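The values are calculated or read from the model by the stated rules, or taken from the named source; none is laboratory data. Remember, predicted model here, so these are calculated numbers, not experimental data. Glycine gets a Cβ as well: all are built from the backbone with ideal geometry, and neighbour counts include every protein chain shown. For the accessible areas, the whole protein counts, side chains as well, though only heavy atoms, and no ligand, DNA or RNA atoms are used. Shrake-Rupley method; radii C 1.70, N 1.55, O 1.52, S 1.80 Å.
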Amino acid sequence: MIRPPHSVPAPTDLPGSEEAEHTPIERDLRLQLRIVEKVIDASLEGIIICDQKGLIQSVNRAFTQITGYSEAEALGQNPSLLSSGRHAPDFYQQMWASLEAQGFWQGEIWNRNKAGQVYPEWLSITSIENESGEVVQYAAIFHDLTEIKRSEARLKQMARFDQLTRLANRQLFYDRLQQALAWAKVQQRKITLIQLDLDWFKVINDRYGHEAGDQLLQTLAQRVQLLLDSEDTAARPSGDEFSLVLHGPQTHEDLLSFLNRLRQVICVPQLIAGQEVRITASMGVAVFPEDAQTAETLVGCADLALEHAKYLGRNGFHFYSQTLHRQSRSRFQLANLLQNALVRGELHLFYQPKVHLASNQICGVEALLRWFSPELGGVSPADFIPLAEDMGLIDQIGDWVLEAAVRQAKEWSEAGTPLNIAVNVSARQFQRGDVAVRVLSLLARYQLEPEWLSIELTETSFLHSPEKTRVAIEQLTAAGVKVAIDDFGTGYSSLSYIRTMSLHQLKVDISFIRHLAESERDRKLVEAIIAMAHALDLEVVAEGVEDAEQLRLLAEIGCDQAQGYQICRPAPPESLIEWLLQR
């Protein structure tokens with residue numbers, strides 16, 4: 001298909017018709033030209049040879065494959081038959097100016113094939129001169145960039161979009177947020193940022209597997225997208241975190257309406273592994289320009305509001321405020337001091353007695369953690385326990401509490417005043433999977449009989465790590481350690497784990513005891529809990545008993561044990577023993 005340039009005689013033009021008549025130089029030239037022709041025709045790059053007027057003289061096979069035009073259709077035509085119409089006239093003027101000045105041009109160009117499809121190509125054009133220095137031909141070499149462009153687009157998509165949900169990733173989210181704020185400044189409008197975390201998503205992954213968790217995230221992403229307007233942005237920065245940039249809500253009422261719709265959409269059950277799964281979310285909300293003026297500070301405000309939403313109990317939303325900011329600064333100070341509290345010996349155990357209602361005898365105590373800071377004074381457990389969980393200190397503190405309680409039980413036993421000490425173990429410690437090993441090793445080290453130690457766990461332990469919790473309970477009870485469910489009725493109460501696990505006690509939460517005297521509904525509810533527990537051979541302990549009437553009613557409806565201020569406030573070990581001796 002490719003013919004040699006006119007400045008070189010073609011093999012058929014050489015003198016004579018027989019090979020023997022050719023001189024050695026002519027035969028070598030003929031061979032070289034054949035090799036060149038085959039190489040050009042076999043090339044994967046399209047090649048065009050044009051005369052000095054720019055008309056096509058020859059093309060190779062790759063030209064036909066890329067453009068769709070046959071050699072017969074291309075010969076004698078101007079290469080403009082491939083023009084896509086995407087380039088202005090000055091583009092081609094600059095191309096020819098470069099060819100005339102330098103004898104060479106290369107660059108990216110968009111052309112159109114015979115089927116009408118526009119495609120990008122990388123084109124190199126070289127001028128061919130004769131012995132006199134006159135341009136007699138032009139050689140153009142090009143290759144199709146379509147696949148390269150597609151790969152670049154895929155890489156760009158991967159760099160700016162989350163591959164699982166197809167939502168914007170962290171980088172694109174920040175770009176969109178900054179654009180939204182710039183627009184809002186000009187238009188004097190509000191921009192709302194919502195930071196959203198799924199509640200207990202790790203439980204879904206642990207129970208059903210990561211593939212099921214991915215399916216849930218994809219479904220939620222689709223649902224959230226349907227709530228947004230075209231100019232809004234939904235992003236998944238990482239894990240189970242979502243970020244929403246809203247242009248629309250301009251009044252507080254409209255924003256509240258959107259948040260409620262969003263919460264309802266998230267809560268719609270999904271079918272995962274043949275089971276109906278319902279998930280909730282915690283949301284933090286910050287608004288430009290009231291809360292912050294820049295993207296970074298607005299994100300910080302929304303994150304802070306999200307933390308507070310989790311602290312308040314999850315499955316809800318919270319708005320950023322200056323009060324919240326002041327609380328955050330206070331919490332930051334608290335976190336710094338808490339990191340050193342254990343090392344500095346500022347943590348202590350107080351003990352609250354439990355009384356057997358039928359005999360009025362003390363039947364054990366519960367170990368309660370207290371923090372006395374030189375800078376802050378006494379700090380409420382309600383303030384520092386959630387903080388310790390957030391900071392990842394709860395395991396270290398929990399281990400210290402467990403050992404301190406075992407050591408105290410041993411001291412009381414040796415002093416002739418043995419008491420069973422109940423220790424609270426967090427769901428996080430059960431997740432770690434070594435609770436039973438830790439407890440049994442401490443009992444062995446201090447040579448304490450198992451009957452003087454009880455373990456209390458909350459219902460969330462069954463939600464987060466049901467199998468590890470079950471195994472730990474079986475190991476503890478087999479060794480003689482009693483196990484109780486704490487704060488029953490406030491978490492994810494389920495008869496299944498009460499029925500199937502080796503539990504000894506059920507502790508009714510203070511919220512059911514507080515209005516026992518005046519609320520018939522609460523009284524009936526506590527009575528039903530007691531009846532259910534007794535049917536399962538469990539003892540019932542009432543928490544938070546604060547007056548004599550509550551104590552009387554509990555004894556009347558068959559409660560086994562009680563603890564609270566009416567009996568005795570939590571006290572340090574020496575004060576508790578003194579109280580016991582006086583009693």
* Structure fact -> Over the stretch 430-486, the set of residues in contact (Cβ under 8 Å) with a residue 60 or more places away in the chain and either among the basic types (Lys, Arg) or not in a helix (DSSP H, G or I) (or both) is 454, 456, 465, 482, 484, 486
* Return a yes/no flag: does the stretch 103-112 have any residue that is more than 54 Å from the chain's Cα centre (by Cα) and either modelled with pLDDT of 90 or more or not in a helix (DSSP H, G or I) (or both). => yes
* Asked: Failed condition for residue 212, given (1) open to solvent by less than 40 Å² (accessible area, probe 1.4 Å); (2) over 15 Å from the mean Cα position of the chain (by Cα), with all others met?
  -> (2)
* Structure fact -> So, first residue touching a residue at least 40 places away in the same chain (Cβ under 8 Å) in the stretch 203-225, second residue among the hydrophobic types (A, V, I, L, M, F, W, C) and in a helix (DSSP H, G or I), Cβ within less than 6 Å, six or more apart or across chains; the pairs are 203/463; 223/265
* Asked: residue 148 is checked against (1) out of contact with any helix residue (DSSP H, G or I) (no Cβ under 9 Å at 6 or more places or on another chain); (2) open to solvent by less than 60 Å² (accessible area, probe 1.4 Å); (3) among the aliphatic types (A, V, I, L, M) and fails just one. What number does that condition carry?
  -> (2)
* Mind listing whichever residues of the stretch 53-79 are exposed (fewer than 15 other Cβ atoms within 10 Å of the Cβ) and of a type in the set (A, V, I, L, M)? => 55, 72, 75
* Kindly indicate whether any position in the stretch 338-354 is out of contact with any Pro (no Cβ under 6 Å at 6 or more places or on another chain), of a type in the set (Lys, Arg) and modelled with pLDDT under 90. => no
* Those residues of the stretch 566-580 which are more than 17 Å from residue 404 (Cα to Cα) and in contact with a Leu (Cβ under 9 Å, 6 or more places away or on another chain), in sequence order -> 566, 567, 568, 580
* In the stretch 191-249, which strands (runs of 3 or more DSSP E) lie fully inside it and hold 2 or more residues that are among the hydroxyl-bearing types (Ser, Thr, Tyr)? -> 233-238
* Please list, ordered by first then second residue, the pairs with beta carbon atoms under 7 Å, 6 or more apart or interchain, first in the stretch 571-582 and within 17 Å of residue 347 (Cβ to Cβ), second in a helix (DSSP H, G or I) and among the polar types (S, T, N, Q). => 573/408
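Could you grab me the full set of residues in the stretch 218-230 that are touching a Ser or Thr at 6+ places or on another chain (Cβ under 6 Å) and not small (Gly, Ala, Ser)? Talk me through it step by step, then tell me what you get.
Going residue by residue through the stretch 218-230, those that are touching a Ser or Thr at 6+ places or on another chain (Cβ under 6 Å) are 218, 221.
Within the stretch 218-230, 218 is the sole residue that qualifies.
Which residue is least open to solvent (accessible area, probe 1.4 Å), if the candidates are limited to the stretch 560-582 and must be in contact with a Phe, Trp or Tyr (Cβ under 8 Å, 6 or more places away or on another chain) and in a helix (DSSP H, G or I)?
Here the answer is 576.
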* Sort out for me the helices (runs of 4 or more DSSP H) sitting completely within the stretch 501-559 that have 2 or more residues that are among the acidic types (Asp, Glu). => 520-535, 548-556
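Considering only residues that are β-branched (Val, Ile, Thr) and out of contact with any helix residue (DSSP H, G or I) (no Cβ under 7 Å at 6 or more places or on another chain), look in the stretch 518-541 and name the one that is farthest from residue 498 (Cα to Cα). Before you say what the answer is, go through the steps one by one.
In the first step, residues of the stretch 518-541 are kept if they are β-branched (Val, Ile, Thr); the result is 526, 529-530, 540-541.
Then keep just the ones that are out of contact with any helix residue (DSSP H, G or I) (no Cβ under 7 Å at 6 or more places or on another chain); that gives 529-530, 541.
On the way: 529: 12, 530: 13, 541: 15 Å.
Selected residue: 541.
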* **Selected residue [open to solvent by 30 Å² or more (accessible area, probe 1.4 Å), out of contact with any Pro (no Cβ under 6 Å at 6 or more places or on another chain) and of a type in the set (Gly, Ala, Ser)] from 542, 533, 484, 528** => 528
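Would you mind finding the one in 145, 164, 177, 181 that is closer than 30 Å to residue 211 by Cα, among the hydrophobic types (A, V, I, L, M, F, W, C) and touching a residue at least 24 places away in the same chain (Cβ under 8 Å)?
Working: 145 fails: closer than 30 Å to residue 211 by Cα; 177 fails: closer than 30 Å to residue 211 by Cα; 181 fails: closer than 30 Å to residue 211 by Cα.
Result: 164 is the single residue among 145, 164, 177, 181 that is closer than 30 Å to residue 211 by Cα, among the hydrophobic types (A, V, I, L, M, F, W, C) and touching a residue at least 24 places away in the same chain (Cβ under 8 Å).
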* For residue 313, work out the one condition from (1) open to solvent by 20 Å² or more (accessible area, probe 1.4 Å); (2) in contact with an Asp or Glu (Cβ under 8 Å, 6 or more places away or on another chain) it doesn't fulfil. => (2)
* Structure fact -> In the stretch 266-288, anything in a strand (DSSP E or B), open to solvent by less than 60 Å² (accessible area, probe 1.4 Å) and out of contact with any Gly (no Cβ under 7 Å at 6 or more places or on another chain) is listed as 270, 272, 277, 281, 283, 284, 285, 286, 287, 288
* Structure fact -> Residue hits (the stretch 113-133; open to solvent by 80 Å² or more (accessible area, probe 1.4 Å), of a type outside the set (Ser, Thr, Tyr) and at pLDDT below 90) are 131
